[in-house]
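The values are calculated or read from the model by the stated rules, or taken from the named source; none is laboratory data. All of these numbers come straight from a predicted model, not from anything done at the bench. Cβ atoms come from the backbone with ideal geometry, glycine included; neighbour counts cover every protein chain shown. Side chains are part of the model used for accessible areas, which takes the heavy atoms of the whole protein and leaves out ligands, DNA and RNA. Shrake-Rupley method; radii C 1.70, N 1.55, O 1.52, S 1.80 Å.
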Amino acid sequence: MAQINQNQKHIVIIGNGISGITCARHIRKQDSDIRITIISGETEHFYSRTALMYIYMGHMKYHHTKPYEDHFWGKNRLNLVHDWVTEIDIDNKKLNLEQSPPIEYDLLVLALGSKYNTFGWEGKDLKGVQGLYNYQDLEDMEANTRNCQRAVIVGGGLIGIEMAEMLRSRHIPVTFLVREKEFWNNILPEDEARLVGRHIREHHIDLRLETVLDKIIDDGNGKVKAVITQSGEVIPCQFVGLGVGVSPNISLIQDTPIEVDRGILVDEYFATNIEGVYAIGDCVQYRNPPPSRPKVEQVWYTGRMHGETLAYNLTHKPVPYQPGPWFNSAKFLDIEYQTYGVVPCVWKHPLDSFYWEHPEGKICFRALYDGNSRQLKGVNSMGFRLRHEYFDVLLKRGGTIEEVISSLHEASFDQEFAEDHHQHILHAFESQTGIKLYPIKKKRKGLLALFGL
Amino acid sequence: MKNIQKLGLSLFFLALLIFNVILCLGTFQLTEERLEEIAKDEHLEVLRKELRPMFGVKYTNSFAFVYNFNNYLDGYNDLQKDEQNWDRVIWDDYTLAAARVSSDGFVANNRLVLLFMTLFMGSFGALIYILPLYRGEPKGIKHNGLMLSSNKRRGIIGITVGIYLILIYILLYWYPAYIVNWVLITDPISRKISGGPASQWFMYGVIYTLAILVMGIRMFRKYWGNRYQMLRTASVMFFQLSFAFLLPEILMLFNQPYHNFINIWPLDYTFFFDYRIDDMLSSGAIGMLMLISGILLIVIGVPLMTYFYGKRWYCSWVCGCGGLAETAGDPYRHLSDKSVKSWKIERWMVHSVLVFAVVMTAFTIVNYFTGYEWLGHSTDMLHEWYGFLIGAAFAGVVGVGFYPFMGNRVWCRYGCPLAAYLGIVQRFKSRFRITTNGGQCISCGNCSTYCEMGIDVRWYAQRGQNIVRASCVGCGVCSSVCPRGVLKLENGNEEGRISDMPIIIGNKSVTIKNQ
Ligand SMILES: Cc1cc2nc3c(=O)[nH]c(=O)nc-3n(C[C@H](O)[C@H](O)[C@H](O)COP(=O)(O)OP(=O)(O)OC[C@H]3O[C@@H](n4cnc5c(N)ncnc54)[C@H](O)[C@@H]3O)c2cc1C
Ligand code: SF4
């Protein structure tokens, strides 16, 4: 495993997303001399992809989504090249670019991200049919949804619901086609999925469950006119949003000796099969995935951790990638979702689950645990913020379900004065399991108690 | 938009139109008797002589009246100044008082009706526009389309609003005689509360309070279901209405000095001025209460409360300036500059103002107790400059007039000496912080965008660092708008509050410390 050494004076990173940028920043922190160049074709500066929806919805402008001020890059001597790489010349360690002169590298980091799936549907290339991944897609969406009478979203996942929310912010009627029995039911257990489904309908989104797209119809001028579902229903629309997942963006790699499968194949150190070439973020596929993780992980947090780890490895004695307990979050329209640990959509004995839902049906909490050892496996929450640190510590040391339920006030991360669910969850747990618990509360003493602290 | 809302907006704009038109209405006629009503004995002789040409002349608007009045008086004053007869110069400004007593005709005779057709109808119209807002929508963040709004994005409407506000403040502070008609229409309220006629400051107080109440109700609609936002909004509405507006008037009714208990030195920069001290010392028990409570607040109350809760207990729960910013200013909160450069400017400016205020006050107090032997009346000049530059130009004209240009907390961020003081306590000795939730931040930028104090919240959140900043007023909006539940305002142990080398949770392979 190569580290930065005297012969490797120029690190080139392709991709200025979270993984590439994190890697560059952390290398710079460790090594103030090495030359670092970041090439990206999408936007000149790093911006937050996760905030694309807010630009469309008018919550933010593009410049608000840039996590660092523009002078940051110069100050940290991170050389930015705004261009597309067209070819990687592995033998000569050289990159050819669309507009700029070729760039030579000593060490190459591929952080190419993903691209959205289109599958093989008839009509997928019509105007008005698109997914949402990059900034250009956002601009397309802006143009494609002007004068839109109805939009159809295909695919009940995170991007699908974001697109639905975006369109609703402009009062465009939306029909939302979901293949599963409930929204995102391949990830969420049924209760949570149903809760989100209700909320989707509350936002006047026409949610069609167990409905599969058959084809997209041309209006005669190369624009979408309607979609037809597999049951034969015709839904007229002027826009079709594809939210059927993303795949690693590996088109640039295809004709190189770098090994790929679904993504660029890397070992525990993010090294590809070619010496001096690494890959991180959405575009990678682990040869040996970390325990209980899939081969391809396409989320913000994993991209960040890849970047951190690779930067460390390039500047120190290498360590294998070893993520902590899984965590993730999302927001379904107005309902925030957080998860820590592992909560699959279905589980088998000896796993057991505790679920509580607020009577208003917009807040819930689930804990999955081992019915024998009582160890917590994971939690899901909707409309109820939980403290990452609490669960990180608890999951790592194998805390029990009873422990969590009795100290939920410590685990809560809701805003001050927010409704306190602890008592309700506690009672629900007691009546579901017959186990009597006593809430652990810190004793308040002296002057602080006087101030309610 | 629903029809009822259209009606509300129409009423509001009609009221606004009438409000502006009445400035050009009314007749003004100065007579000898009227002059006697307002002139001090020592000035009466001169004024009578100089203003004689105006007696009985009917002016059909305040502008002509004020123009002539000033002309005659300036002629006299200039002459005295030229001849260095400093003690003969009339330094008192009689313009507003003269315009008041001289007004008769339409506005003076229809005060109550006009009050209803302007301030009340405007508030009513605004309310029927506001109340149906977001009705039928689920609770949540209501920022759709905000960045496309001309009003909220420094568009034509925003610029117009800003210029209008600036003009109003200039008139209010330096040319109040021109807005004598606005003062007149608030007379009926003033007489009801304190028994006396309204001053321009009373008129300002009425509008200010109405703005906070009406726009506070807008906050309730916007943040329906978010208890933190609703509670603190209710709190500023309450403090403005009771402590800042009604209580001082009631004190006046009982012949006590005008005193706003929640306006704390050095924001209330005149607190230690000789006339205020004299007033308080000569007003018996209540005066002593004012003096002692004021001093206790500064010395013990402010640091103690800030230690426990952060400066938010004052800035976004009690303060009147904060109250207006959090309600009427809320639509402009995202316009604050988030750059590191503006942060630097902010620190220099706000602390300079604090130093200025402290030094001025120290001189004043020493001077007072040495019986003016030390500096004579030269502190008066300091007061005048501070009042002009900071009290009026900064806090008023820029502080509110710049809402649509630089966000709703320009004054609080760059100018308020009390905020600077609270900020120092908050930064160095407090239990308050904004905790970030481990590794959950997706760097989306909502928090930074909607921070009214221009704090780049995301900078901290994405590196897992608690936010401990002197300027944070604890409005809680970053936490409310964060789509991933990353931010929580908390009072807690001082230990671990400030982490210079935070660790982002989630990666077991390496422990990433962010320097
Ligand atoms: C709308 C949306 C919402 C999301 N929301 C969330 C969320 O809430 N939470 C979450 O965890 N994840 C979310 N994700 C996923 C998350 O954004 C990605 O996992 C993450 O951005 C991947 O980062 P990356 O650095 O691997 O790649 P990217 O951010 O995709 O960066 C890759 C960069 O490589 C550049 N590039 C590629 N090929 C070339 C070339 N040939 N030449 C030059 N440059 C090239 C591109 O310009 C691109 O900028 C969301 C994704 C989308 C699209
Ligand atoms: S709003 Fe929340 S997720 Fe977005 S940048 Fe701020 S802290 Fe991070």
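Quick notes
- Charging the Cβ of each Asp and Glu at -1 and of each Lys and Arg at +1, and nothing else, the dipole of the protein assembly as shown about its Cα centre rounds to 1660 debye.
- Degrees between helix B:200-222 axis and first principal axis of chain B (Cα, 0 to 90, nearest 10): 30 degrees
- Rolling a 1.4 Å probe over the protein heavy atoms gives chain A an accessible area of 43 Å² per residue.
- A 1.4 Å probe over all protein chains sorts B:R232, B:R34 by accessible area into B:R34, B:R232, starting with the largest.
- In plain terms, the chain from A:E410 to A:K348 could stretch by 19.4 nm, reckoned as 0.36 nm per residue minus the Cα-Cα distance.
- Computed over protein heavy atoms with a 1.4 Å probe, the accessible surface of chain B works out to 42 Å² per residue.
- Taking 7 Å steps out from each Cα toward its Cβ at B:T370 and A:H204 produces label points 7.3 nm apart.
- Mean-position separation - Cα centroids, segment A:230-257 and segment A:149-173, in angstrom: 15 Å
- Residues with amide H under 5 Å from that of A:K377, placed H, sequence gap 5 or more: A:L368, A:Y369, A:D370
- Shielding by partners, peptide B:484-496 (average Cβ within 10 angstrom, other chains): 4
- Only protein atoms count toward the accessible area here, which uses a 1.4 Å probe; on chain A, the carbon and sulfur part of that area reaches 48 percent.
- Sequence of A:K317, A:K377, B:K311, B:K6 when ordered by accessible area, the most exposed leading, probe 1.4 angstrom: A:K317, B:K6, A:K377, B:K311
- Theoretical ellipticity at 222 nm over chain A - DSSP helices of four or more residues, -39500 (n - 2.57) apiece, nearest 500: -7000 deg cm²/dmol
- Shape of segment B:432-513, Cα gyration tensor, a/c cut at 1.5: oblate
- Ranked by the mean number of other Cβ atoms within 10 Å of their residues, highest first, the peptides B:198-207, A:85-94 come out as B:198-207, A:85-94.
- Cα long-axis angle, helix B:284-296 against chain B (0 to 90 degrees, to the nearest 10): 40 degrees
- DSSP-defined beta bridges in segment A:129-244 - what % are antiparallel, rounded to 5: 40 percent
- Ellipticity estimate at 222 nm from DSSP helix runs (n ≥ 4, -39,500 (n - 2.57)) divided over chain B, nearest 500: -16000 deg cm²/dmol
- Residues in segment A:416-436 occluded by at least 10 Å² - accessible area, probe radius 1.4 Å, against chain by itself: A:E416, A:F417, A:E419
- Burial annotation for segment B:439-459: residues with an accessible-area loss of at least 30 Å² between the isolated chain and the complete set of protein chains, computed on heavy atoms with a 1.4 Å probe, are B:G439, B:Q440, B:I442, B:S443, B:C444, B:N446, B:T449, B:R458, B:W459.
- Projecting the Cα positions of B:N109, B:Q426, B:L487 onto the charge dipole of the protein assembly as shown (unit charges on Cβ atoms of Lys, Arg, Asp and Glu, taken about the Cα centre) puts B:L487 furthest along the positive direction.
- Within-12-Å neighbourhood charge of B:Y332 [Cβ basis; K, R +1; D, E -1]: +2
- Split the accessible area of chain B by element, probe 1.4 Å, and carbon with sulfur accounts for 65%.
- A dipole drawn for chain A from +1 and -1 charges on Cβ atoms has a positive end, and of A:L252, A:G58, A:F239 the residue lying farthest that way is A:G58.
- Inter-chain shielding of A:334-345 (mean C-beta neighbours from other protein chains, 10 Å cut-off): 2
- Label separation (A:D125 vs B:I498): 6.2 nm, computed from points 7 Å beyond Cα along the C-beta direction.
- Candidates B:G476, B:C315, B:Q80 compared by Cα position along the dipole of chain B: farthest toward the positive end lies B:G476, with charges placed on Cβ.
- A:D219 - accessible surface, heavy atoms, 1.4 Å probe, Å² rounded to 10: 60 Å²
- Local electrostatic count at A:G74 - Lys and Arg +1, Asp and Glu -1, tallied over other residues with Cβ under 13 Å: 0
- Spatial separation of Cα centroids for segment A:49-106 and segment B:278-346, in angstrom: 44 Å
- Net dipole in debye of segment B:432-513 [+1 Lys, Arg Cβ; -1 Asp, Glu Cβ; about Cα centre; nearest 20]: 260 debye
- Protection-proxy order for peptides B:317-326, A:429-438, A:245-254, B:455-464, each taking the mean of Cβ atoms within 10 Å per residue, highest first: B:317-326, B:455-464, A:245-254, A:429-438
- One Cα centroid belongs to segment B:30-79, the other to segment B:195-247; the line between them spans 38 Å.
- Given charges at beta-carbon only (K, R positive; D, E negative), |dipole| of chain A in Debye: 1140 debye
- Among A:H203, A:H422, B:H351, the sequence by solvent-accessible area, most first, with a 1.4 Å probe is B:H351, A:H203, A:H422.
- Using the Karplus relation 6.51 cos²θ - 1.76 cosθ + 1.60 with θ = phi - 60°, the per-residue 3J(HN,Hα) values for segment A:263-276 come to x, 6, 6, 10, 8, 5, 10, 6, 8, 8, 6, 9, 4, x Hz, with x marking Gly and Pro.
- Solvent-accessible area lost on pairing B with A (1.4 Å probe, both sides summed) amounts to about 5500 Å².
- Most to least packed among B:334-342, A:305-313, B:418-426 [average Cβ atoms within 10 Å]: A:305-313, B:418-426, B:334-342
- Long-range amide H partners of A:I264 with built H, under 5 Å: A:V284, A:Q285
- Modelled this way, with points 7 Å down the Cα-to-C-beta line, the labels at B:N85 and B:Y164 are 4.7 nm from one another.
- Whole-Hz couplings from phi, Karplus 6.51/-1.76/1.60, listed for segment A:94-100; x for Gly and Pro: 9, 10, 9, 10, 5, 10, 7
- FRET efficiency for the pair B:K2 and A:S32, taken as 1/(1 + (r/R0)^6) with r the Cβ-Cβ distance and R0 = 60 Å, rounds to 0.50.
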